[in-house]
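*Asks:* Here's a structure for you.
The values are calculated or read from the model by the stated rules, or taken from the named source; none is laboratory data. In this text the structure is predicted, and so the values were computed from the model without any measurement. Note: ideal-geometry Cβ built from the backbone for every residue, glycine included; neighbour counts use all protein chains shown.
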Amino acid sequence: MKTMGFADAIDDALAQAMVDDSRVVVFGEDVHGLRTGLFVRFGEKRVRPAPISEAAFVGAAVGAAMAGLRPVVEVMMVDFIGVAVDALLNHAAKVEAFSGGKWKVPMVVRAPCGGGYGDGGQHEQSLWGWLAHIPGLTVVVPSNPADAGGLMLSAIEHEGPVVYLEHKLLASNMLDFLGSGGRKTVQYDVPAEGTCGSVPDGWMPIPLGKAAILHEGKDITLVSVAVGVHRCLEASAILKKKRISAGVLDLRTVSPLDKEALCQAVSRSGRLLVVDEDYRDFGLSGELAAVVLEAGIPMRYGRVCTEETIPYCREFEHQILPSTGRIVDAAIKLMDR
Amino acid sequence: MGPDLWLLYRQMLRSRRFEEAVTDLWQKGRISGEMHLGIGEEAIAAGIVAHLQDGDAMALDHRGTPPLVMRGVDLSLILREFLGCADGICCGMGGHMHLFSREHLTASSGIVGSAGPIAAGFALAAQHLRPGNIAVAFFGDGAMNQGMLLESFNLAVAWKLPVLFVCKDNEWAIVTRSQHVTGGNLLERARSFGMPALEIDGADVEAVWNAAKQGVDRARKNNGPTFLLARCIRPEGHFLGYLPLRRSLESMIGMVGPIMHSLPARKGASPGERIASLGSITSLIGRTLTEKYSKRRDPIHHVRQRLRGEKARLNEIEKEVEKEIQQAVERALS
Ligand SMILES: Cc1ncc(C[n+]2csc(CCOP(=O)(O)OP(=O)(O)O)c2C)c(N)n1
């Protein structure tokens with residue numbers, strides 16, 4: 001075991017995959033600057049800077065994957081995926097179904113996501129539920145370095161299209177680039193265990209669609225991904241002092257969803273609180289409720305999500321994004337009922 | 001008739017001093033997130049905004065502060081926005097990349113290339129509701145590879161929309177040299193859509209003003225869009241705190257670390273390819289530093305040289321502008 005940062009872990013696992021399989025190529029805007037290590041080690045042919053043409057290069061990733069490559073295509077922030085949605089919605093996600101299962105699209109779209117550093121509502125969205133809504137897309141959202149590396153490996157090995165989202169509060173290079181810009185005068189609420197942690201000496205794939213129970217709890221189950229997981233862990237520690245035993249489930253993959261782990265945890269606690277930095281309405285939080293109810297499990301349910309466009313102002317932003325305080329309050333409310 | 005260089009100089013200086021004040025507040029941590037400045041682009045904004053009238057519209061990119069300042073938006077309202085105050089121009093919701101002023105028909109967006117379609121729509125509305133009014137789209141050379149921008153060129157030509165498409169070409173898209181990822185020639189590209197395309201030195205406000213006049217007149221007469229390619233240099237790099245320009249040891253290590261680690265790593269590209277990658281990184285950094293320290297193409301310096309004969313008048317303008325900005329900052333902070 002050794003210690004590694006979140007972003008370094010992703011690049012390290014990616015490097016391992018690139019060594020093992022010469023079909024793995026990386027392209028996207030500024031990749032020579034954002035992934036300097038990979039650029040120098042693997043050369044420009046395999047780590048290729050792209051023009052600001054997301055519709056073209058994400059679309060090209062689909063074609064390249066169909067024709068034998070294993071592209072890891074970068075979109076600078078998940079917000080910008082809007083420009084390339086057609087490639088994902090109508091192509092990457094459809095080819096396998098349209099071809100009667102005969103043709104697959106093994107590609108990874110890697111994109112930073114998430115807020116908490118005051119960059120405004122066009123640069124801080126999460127969108128994992130919005131993307132997971134599309135059948136045929138796998139959506140991975142790791143919360144710590146070990147998962148980040150292992151899941152990147154499985155994303156690359158997967159035979160279908162995977163959207164791999166890295167939260168900017170966890171990827172310290174991104175936060176430095178976009179948030180602090182080298183300043184010591186700004187502070188962000190960064191979860192330490194998410195940004196840096198122990199990782200295996202050699203990367204092994206972590207299966208897609210498998211959640212991780214980070215904390216057992218018998219009164220209530222807190223479910224989240226990415227930074228939300230760390231806010232849940234903090235909330236769980238506070239709730240413990242109030243004699244509430246709150247379990248924490250890290251989904252790790254939004255789609256496919258680990259329904260079994262979810263249902264097991266909720267059937268034990270009887271209470272589900274979803275903490276989702278993505279938009280509340282018509283998304284992941286409602287989906288989790290549906291899954292549990294469809295399984296016939298009685299429960300009390302609540303959610304702490306982002307309900308509207310994320311404000312630029314740090315103070316408003318803090319109120320809108322799921323915070324530890326909001327989670328604790330919502331959990332206590334669920335206990336009362 | 002030619003431009004009033006004194007007026008243009010004042011506008012450019014207002015924008016420069018304003019963004020210097022913004023830099024200071026950003027450094028102090030009073031402004032969060034990214035901060036893209038238009039320092040180096042002032043002549044382009046000034047030469048174009050000078051032609052705008054009531055009812056004209058602007059679609060701005062992530063570097064929209066100078067055109068807003070020059071269009072006459074209350075400076076302390078912009079600053080209050082950057083500071084994240086509920087009484088900022090967008091109530092603290094937008095920040096510097098998402099600035100809106102409905103009175104000035106001005107919108108900005110951080111989505112690269114999106115100024116094209118929005119300006120086309122502003123122009124369409126002008127065609128229907130305010131004949132004689134026009135729309136301007138400001139964007140960078142990087143945006144010239146974005147499909148939606150190119151599609152809006154075609155739309156504007158096909159529908160004869162009164163738009164001025166303004167490409168502020170600094171030859172960079174963040175850390176990518178545009179020529180490295182762009183085919184052909186941007187002027188030819190614009191022309192191929194069937195609109196006039198003019199190339200100008202974006203550091204020369206008079207040249208910008210003259211070219212803009214042609215495009216604006218054409219649009220006002222309902223003869224369709226024009227494309228301007230204005231060359232410029234932005235000394236501060238992509239945004240404040242731009243990594244290649246930081247001077248701290250920490251950031252040097254951050255930049256060099258992954259390279260030193262990867263260069264000798266077992267398995268990967270051939271030594272020749274690795275050296276080539278290293279070479280391109282070093283030349284990008286070298287180029288960035290040269291632009292930072294070359295005063296040669298500073299638009300403010302350029303116009304000031306033209307006006308240097310009248311020292312007293314220059315001094316007076318400079319004092320007035322200084323005072324205006326200082327007061328705006330004080331008001332914003334109070
Ligand atoms: C659709 C989209 N893709 C990528 C980005 C990230 N990004 C922000 S600015 C920028 C470079 C833009 O270059 P250019 O248009 O030349 O403008 P400049 O910043 O040089 O003024 C990029 C890639 C974005 N904001 N939107």
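*Asks:* Tell me which residues, restricted to region B:240-254, are buried (at least 16 other Cβ atoms within 10 Å of the Cβ) and either farther than 30 Å from B:Asp24 by Cβ or more than 7 Å from chain A (Cβ to nearest Cβ) (or both).
*Replies:* Filtering region B:240-254 down to residues buried (at least 16 other Cβ atoms within 10 Å of the Cβ) leaves B:240-246, B:251, B:254.
Matches in region B:240-254: B:Tyr242, B:Pro244, B:Leu245, B:Gly254.
*Asks:* Are any residues in region A:9-50 in contact (Cβ under 8 Å) with a residue 12 or more places away in the chain and among the aromatic types (Phe, Trp, Tyr), and if so, which ones?
*Replies:* Once the filter is applied, which keeps residues that are in contact (Cβ under 8 Å) with a residue 12 or more places away in the chain and among the aromatic types (Phe, Trp, Tyr), region A:9-50 yields A:Phe27, A:Phe42.
*Asks:* Let me ask something else about it. Taking the condition more than 21 Å from B:Asp56 (Cβ to Cβ), touching a Lys or Arg at 6+ places or on another chain (Cβ under 7 Å) and in a loop (DSSP other than H, G, I, E, B), does B:Gly84 pass? First the steps, then the outcome.
*Replies:* Values: more than 21 Å from B:Asp56 (Cβ to Cβ): yes; touching a Lys or Arg at 6+ places or on another chain (Cβ under 7 Å): yes; in a loop (DSSP other than H, G, I, E, B): yes.
Yes; evaluated as a whole, the condition is true for this residue.
*Asks:* How do the strands (runs of 3 or more DSSP E) wholly within region A:1-60 filter down when requiring 1 or more residues that are on the phi > 0 side of the Ramachandran plot: which remain? Spell out the reasoning first.
*Replies:* Details: elements: A:2-5, A:24-28, A:47-49.
Correct list: A:24-28.
*Asks:* Could you check, for region A:98-105, whether at least one of its residues is modelled with pLDDT of 95 or more, within 16 Å of the ligand (Cβ to nearest atom) and buried (at least 19 other Cβ atoms within 10 Å of the Cβ)? Step through it out loud before you land on a result.
*Replies:* Taking region A:98-105 first, the residues modelled with pLDDT of 95 or more are A:98-105.
Filter again for within 16 Å of the ligand (Cβ to nearest atom), leaving none.
Among the residues of region A:98-105, not one is modelled with pLDDT of 95 or more, within 16 Å of the ligand (Cβ to nearest atom) and buried (at least 19 other Cβ atoms within 10 Å of the Cβ), which makes the answer no.
*Asks:* To continue, here is another question. If you check B:Ala137, B:Ala203, which single one turns out to be of a type outside the set (Lys, Arg), within 12 Å of B:Leu228 (Cα to Cα) and touching a helix residue (DSSP H, G or I) at 6+ places or on another chain (Cβ under 6 Å)? Steps first, please.
*Replies:* Values: B:Ala203 fails: within 12 Å of B:Leu228 (Cα to Cα).
Checking each option against the conditions leaves just B:Ala137.
*Asks:* Another question about this same structure. From the list B:Ser248, B:Ser152, B:Ser192, exactly one residue is away from the ligand (no atom under 16 Å from the Cβ), over 25 Å from B:Gly33 (Cα atoms) and more than 18 Å from the chain's Cα centre (by Cα). Which is it? Even if it seems obvious, please write down each step before you answer.
*Replies:* Details: B:Ser248 fails: over 25 Å from B:Gly33 (Cα atoms); B:Ser152 fails: away from the ligand (no atom under 16 Å from the Cβ).
That would be B:Ser192, the only listed residue that is away from the ligand (no atom under 16 Å from the Cβ), over 25 Å from B:Gly33 (Cα atoms) and more than 18 Å from the chain's Cα centre (by Cα).
*Asks:* Which numbered condition in (1) farther than 20 Å from B:Asp141 by Cα; (2) at the interface with another protein chain (Cβ under 8 Å from one of its Cβ atoms) is the only one that A:Ala50 fails?
*Replies:* So A:Ala50 meets the others, but not (1).
*Asks:* Continuing with this model, one more query. Could you check region A:8-36 and list, in sequence order, the residues that are aliphatic (A, V, I, L, M) and more than 10 Å from chain B (Cβ to nearest Cβ)?
*Replies:* Initially, region A:8-36 is screened for residues aliphatic (A, V, I, L, M), giving A:9-10, A:13-15, A:17-19, A:24-26, A:31, A:34.
Within region A:8-36, A:Ala9, A:Ile10, A:Ala13, A:Leu14, A:Ala17, A:Val24, A:Val25, A:Val26 qualify.
*Asks:* Something else about it: What are the pairs with Cβ atoms under 7 angstrom where one residue, in region A:310-330, is within 9 Å of chain B (Cβ to nearest Cβ) and under 26 Å from B:Asp87 (Cα atoms) and the other, located anywhere, is at pLDDT below 95 and not in a loop (DSSP other than H, G, I, E, B)? Sequence gap at least six, or different chains.
*Replies:* Pairs that qualify, where the first residue is within 9 Å of chain B (Cβ to nearest Cβ) and under 26 Å from B:Asp87 (Cα atoms) and the partner is at pLDDT below 95 and not in a loop (DSSP other than H, G, I, E, B): there are none.
*Asks:* Hey, another quick one. Just to confirm my filter: which helices (runs of 4 or more DSSP H) fall fully inside region A:82-196 and include at least 1 residues that are touching a residue at least 60 places away in the same chain (Cβ under 8 Å) and within 14 Å of chain B (Cβ to nearest Cβ)? So that I can check it myself, show each step before the final result.
*Replies:* Working: elements: A:95-98, A:128-132, A:145-157, A:172-175, A:192-195.
Ranges flagged: A:172-175.
*Asks:* Name, by its number, the condition in (1) at negative phi; (2) part of a loop (DSSP other than H, G, I, E, B) that does not hold for B:Ser15.
*Replies:* For B:Ser15, the failing item is (2).
*Asks:* Hey, could you check region B:108-130 for residues that are more than 15 Å from the ligand (Cβ to nearest atom) and not aliphatic (A, V, I, L, M) and say which is nearest to the other protein chains (Cβ to nearest Cβ)?
*Replies:* Within region B:108-130, the first condition is being more than 15 Å from the ligand (Cβ to nearest atom), and the residues that meet it are B:120-130.
Subsequent filtering for residues that are not aliphatic (A, V, I, L, M) retains B:121-122, B:127-128, B:130.
Values: B:Gly121: 17, B:Phe122: 19, B:Gln127: 27, B:His128: 28, B:Arg130: 28 Å.
Ranking the qualifying residues of region B:108-130, first place goes to B:Gly121.
*Asks:* Go through (1) buried (at least 21 other Cβ atoms within 10 Å of the Cβ); (2) assigned to a helix (DSSP H, G or I) and name the single condition A:Pro71 misses.
*Replies:* Evaluating A:Pro71 over (1) buried (at least 21 other Cβ atoms within 10 Å of the Cβ); (2) assigned to a helix (DSSP H, G or I) leaves (2) as the failure.
*Asks:* Please work out which residue is nearest to the other protein chains (Cβ to nearest Cβ), limiting yourself to region B:79-99 and to residues that are free of Cβ contacts under 8 Å to residues at least 40 places away in the same chain and among the aliphatic types (A, V, I, L, M).
*Replies:* Applying the filter and picking the extreme gives B:Met93.
*Asks:* Conditions: (1) within 21 Å of B:Glu291 (Cβ to Cβ); (2) in a loop (DSSP other than H, G, I, E, B); (3) touching a residue at least 12 places away in the same chain (Cβ under 8 Å). B:Met255 meets all but one. Number of the miss?
*Replies:* Just one mismatch for B:Met255, condition (2).
*Asks:* Which residue, of A:Val31, A:Val40, A:Val47, is of a type in the set (A, V, I, L, M, F, W, C), buried (at least 24 other Cβ atoms within 10 Å of the Cβ) and under 17 Å from A:Pro112 (Cα atoms)?
*Replies:* A:Val31
*Asks:* Does region B:244-258 include one or more residues that are acidic (Asp, Glu) and either modelled with pLDDT of 95 or more or in contact with a Phe, Trp or Tyr (Cβ under 7 Å, 6 or more places away or on another chain) (or both)? Can you show your working first?
*Replies:* Residues of region B:244-258 acidic (Asp, Glu): B:250.
With the extra rule that they be either modelled with pLDDT of 95 or more or in contact with a Phe, Trp or Tyr (Cβ under 7 Å, 6 or more places away or on another chain) (or both), the set shrinks to none.
Scanning region B:244-258 turns up no residue that is acidic (Asp, Glu) and either modelled with pLDDT of 95 or more or in contact with a Phe, Trp or Tyr (Cβ under 7 Å, 6 or more places away or on another chain) (or both).
*Asks:* Still on this structure, I have one more. So, in region A:62-97, how many residues would count as being over 21 Å from A:Pro142 (Cα atoms), within 16 Å of the ligand (Cβ to nearest atom) and not acidic (Asp, Glu)?
*Replies:* Residues that pass the stated criteria total 5.
*Asks:* Just to verify a result, which residue in region B:256-281, among those that are buried (at least 16 other Cβ atoms within 10 Å of the Cβ) and closer than 21 Å to A:Leu178 by Cβ, is nearest to the other protein chains (Cβ to nearest Cβ)?
*Replies:* Top of the filtered list is B:Pro258.
*Asks:* Follow-up question, since we're still on this one. Can you confirm whether B:Val69 is buried (at least 24 other Cβ atoms within 10 Å of the Cβ), more than 16 Å from the ligand (Cβ to nearest atom) and modelled with pLDDT of 95 or more?
*Replies:* Working: buried (at least 24 other Cβ atoms within 10 Å of the Cβ): yes; more than 16 Å from the ligand (Cβ to nearest atom): yes; modelled with pLDDT of 95 or more: yes.
The answer is yes for B:Val69.
*Asks:* Modelled with pLDDT of 95 or more, closer than 23 Å to A:Thr309 by Cα and of a type in the set (Val, Ile, Thr) - does that describe any residue in region A:115-134?
*Replies:* yes
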